[in-house]
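This report refers to the structure that appears directly beneath it.
A short reminder: the numbers here are calculations on the coordinates, not readings from a lab. Computed from a predicted model, the values in this text were never measured in an experiment. Using ideal geometry, Cβ is built from the backbone for each residue, glycine included, and neighbour counts are taken over all protein chains shown.
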Amino acid sequence: MSNKNKSIVLIGFMGVGKTTVSKRLSEKLNREFIDIDEEIEKEFNIPIPEIFQKFGEKVFRDKEKELITRITKQESKIISVGGGAFLQNDIKNECLTNCTVIYLNISFENWKDRLSLIIDSRPVLQGKTIEEMEGLFNKRKAIYSDHHLQIEVDHKNPEEVVNEILLKVE
Ligand SMILES: Nc1ncnc2c1ncn2[C@@H]1O[C@H](COP(=O)(O)OP(=O)(O)OP(=O)(O)O)[C@@H](O)[C@H]1O
Ligand SMILES: O=C(O)C1=C[C@@H](O)[C@@H](O)[C@H](O)C1
Ligand SMILES: [Mg+2]
């Protein structure tokens, strides 16, 4: 597959803006947008916190892997994967082999300002102190270190992030 037709996958910590940016990017590039978290919710027909509650994280992760493995084989999509997807090496390898992987990076200071927007819908954050969240944030950095392109999102609005991606991929 040529690089031009490869699907684009956005990775990064929860709340960094993968879904928001992917949607806008798909409009600009006139490509179909697929959000893996949304696809998982459609499969179970309940929101992610309920999937975690009823079936446990393992069932969620298995479905995440099954969907990403299938969807990343398709061409010309814009795919937003969940913040924990790259915990699984199989997912990481599928994405890096078949797609252009873009890592959205944010500092913990900037990320903290978004916490109130996401806390209710991200089970992985629930019940954690801010220090524990910082620990998870730092630990997760390692799983995102393999990618094709990195974009710094601190102090940028979604439009600015999209424009930077467009400059680098076109
Ligand atoms: N560049 C930005 N500046 C300010 N707020 C933003 C920016 N990008 C996204 N947001 C806001 O932050 C929140 C989280 O964004 P989004 O849902 O796109 O994150 P995500 O990376 O897809 O998270 P997850 O991995 O949990 O799916 C949303 O309320 C969104 O409006
Ligand atoms: O970082 C994570 O582990 C997660 C991020 C979200 O996108 C969802 O995929 C889910 O809430 C788990
Ligand atoms: Mg998302």
Normalised alpha carbon radius of gyration of the range 1-96 [divisor 2.2 N^0.38 Å]: 1.05
Where labels lie 7 Å past Cα in the beta-carbon direction, separation of ILE46 and GLN126 in nm: 1.1
Order of LYS6, LYS18 from fewest to most other C-beta atoms within 10 Å? LYS6, LYS18
Suppose every Lys and Arg Cβ carries +1 and every Asp and Glu Cβ carries -1, with no other charges. What dipole size does the chain come out with about its Cα centre, to the nearest 20 debye? 360
Estimated [θ] at 222 nm from DSSP helical runs (n ≥ 4, -39500 (n - 2.57)) normalised by residues in the chain, nearest 500: -14500 deg cm²/dmol
In a shell of Cβ-Cβ distance under 12 Å around PRO49, excluding PRO49 itself, what net charge do Lys and Arg (+1) and Asp and Glu (-1) give? -3
How do SER7, SER80 line up, fewest other C-beta atoms within 10 Å first? SER7, SER80
Based on the alpha carbons, how large is the Rg to Rh ratio for the chain when Rh follows Kirkwood? 0.94
Order these by the 10 Å Cβ neighbour count, fewest first: THR69, THR129. THR129, THR69
